Amino acid sequence: MSRITVFGGGSWGTALALSAARSGHSVLIWCRREEQAAAINSERRNPDYLQSAELPGTVSATSDAGLAASFSSNWVLALPTQSLRAFLPFIRPLFQPGREICNLAKGIEIGTGARVSEIVDELLPGCEYTVLSGPSFAAEVARGLPTALAAASRRRESARLWQSMLNARTLRVYTSQDVAGVETGGAVKNIMAIASGMALALGLGDNARAALVSRGLAEIMRLGEALGAHPQTLAGLTGMGDLVLTCYSEQSRNFRLGAALGRGLSLEDAQRQVGQTAEGAFTARAVVECAGRLSVDMPISLGVNRLLYEGSSPQEELDRLVSRDAKEEYPPDMMWGSSRAKLPKRERDV
């Protein structure tokens with residue numbers, strides 16, 4: 001069995017550490033606060049997250065980043081996207097090219113528009129990067145409920161390595177080489193979850209929420225195409241699967257944030273009520289910046305960003321969406337591609 005270092009003592013880091021330990025691995029969790037690490041070691045529980053989950057003796061914790069980095073050659077990043085650029089220099093002195101790194105964060109960096117893979121490649125050049133994503137709530141993984149995820153890496157052997165280490169009886173891990181697709185789906189779905197939570201709080205009905213989720217997927221696919229993602233990836237676990245989960249469950253932090261905003265709370269008060277990092281609030285700003293640079297039409301994302309940071313109201317954004325010009329759901333060339341021209345005319349006209 002292997003040793004695994006998990007950087008981040010939040011919900012996802014704790015849940016993955018517990019799942020890996022159940023599979024026989026030894027796991028060291030790095031926590032920002034010494035008090036949290038000490039409590040994990042003495043009480044066998046994380047005092048701040050998933051408090052009901054008992055951690056086995058093969059899971060330990062430390063607040064010493066150097067000790068955590070030297071514990072194993074398999075590093076898991078379970079930190080918020082916006083924190084990574086400040087954190088990675090702390091472990092760079094112990095980094096060696098070829099080290100396997102698995103990222104759990106779902107977001108895009110504000111200011112640079114960089115996905116996590118690009119941040120890691122910049123600050124830890126030569127690493128073997130994998131992103132693990134999909135429809136998953138940390139609490140359910142910790143409870144051992146069935147979950148399916150995808151591990152994506154440009155290097156197929158790296159994806160298979162994390163698959164072999166993390167695959168378990170109730171945690172099924174698929175592999176992929178579409179890093180751009182997996183990261184895009186995981187990031188943008190959080191914006192749609194904020195919009196979905198607002199729609200529920202405003203009483204817009206199930207029809208409206210279904211339309212919002214469907215058109216949200218269209219935005220994810222448009223941005224994904226611009227970033228080099230494969231459309232089938234975005235129709236799978238890390239696109240449609242994650243989107244549906246986070247847009248329809250109150251377990252989602254981003255959904256709860258949107259619902260609080262829909263009830264009239266300010267962003268600051270809504271974030272305080274949620275109590276944990278809701279990546280979508282940061283990702284909205286980064287995605288809007290990225291979409292502008294790439295000339296990608298993302299009206300829902302733009303609306304959420306205006307609500308969060310520009311003083312717009314839900315009614316104003318609803319009016320903007322329903323007053324948009326009528327159009328085809330998908331452009332014909334997107335649906336058929338070049339293969340349509342090869343069909344007989346009677347089939348092209350169907």
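Residue order for E43, E328, fewest other beta carbons within 10 angstrom first, comes to E328, E43. A simple charge model with +1 on the Cβ of Lys and Arg, -1 on the Cβ of Asp and Glu and nothing else charged puts the dipole of region 9-58 at about 120 debye relative to its Cα centre.
Within a 10 angstrom radius of the beta carbon, how do S196, S2, S72, S52 rank from fewest other beta carbons to most?
Working: S196 31, S2 16, S72 19, S52 9.
Ordered by Cβ neighbours within 10 Å, fewest first: S52, S2, S72, S196.
Quick one: putting +1 on the C-beta of Lys and Arg, -1 on the C-beta of Asp and Glu, what dipole do you get for the chain around its Cα centre, in Debye to the nearest 20? Working shown, then result.
Numbers: 37 positive and 36 negative charges, 155 e Å.
The calculation lands at about 740 debye.
With neighbour counts taken as other beta-carbon atoms within 10 Å, the residues R154, R256 rank, fewest first, as R154, R256. Here the extension length gained between A148 and E268 equals 39.9 nm, from 0.36 nm per residue of separation less the Cα-Cα distance.
What's the magnitude of the charge dipole for region 185-329 around its Cα centre, counting Lys and Arg as +1 and Asp and Glu as -1 at the beta-carbon? Answer in Debye, nearest 20. Could the numbers behind the result be given before it?
On the way: 14 positive and 17 negative charges, 42 e Å.
The calculation lands at about 200 debye.
For region 65-142, trypsin sites (Lys or Arg not before Pro) meeting the loop criterion (DSSP other than H, G, I, E, B) and having at most 13 other Cβ atoms within 10 Å: none. With Cα atoms defining each centre, region 1-34 and region 72-147 are spaced 13 Å apart in the structure. The label point for E157 and the one for Q276, both projected 7 Å from the Cα toward the Cβ, are 3.6 nm apart.
Between A226 and A326, what is the FRET efficiency for a Förster distance of 25 Å, r being their Cβ-Cβ separation, to the nearest 0.05? Mind showing how you got there, number by number?
Values: r = 24 Å, r/R0 = 0.96.
That pair, A226 with A326, gives E of 0.55.
Restricting region 170-251 to GluC sites (Glu not before Pro) that sit in a DSSP loop and have at most 14 other Cβ atoms within 10 Å of their own Cβ leaves E250.
Each value in this text was obtained by applying a stated rule to the coordinates, not by laboratory testing. Please read these numbers as outputs of a predicted model, since none were measured by experiment. For neighbour counting, all protein chains shown are included, and Cβ atoms are generated from backbone atoms with ideal geometry for every residue, glycine included.
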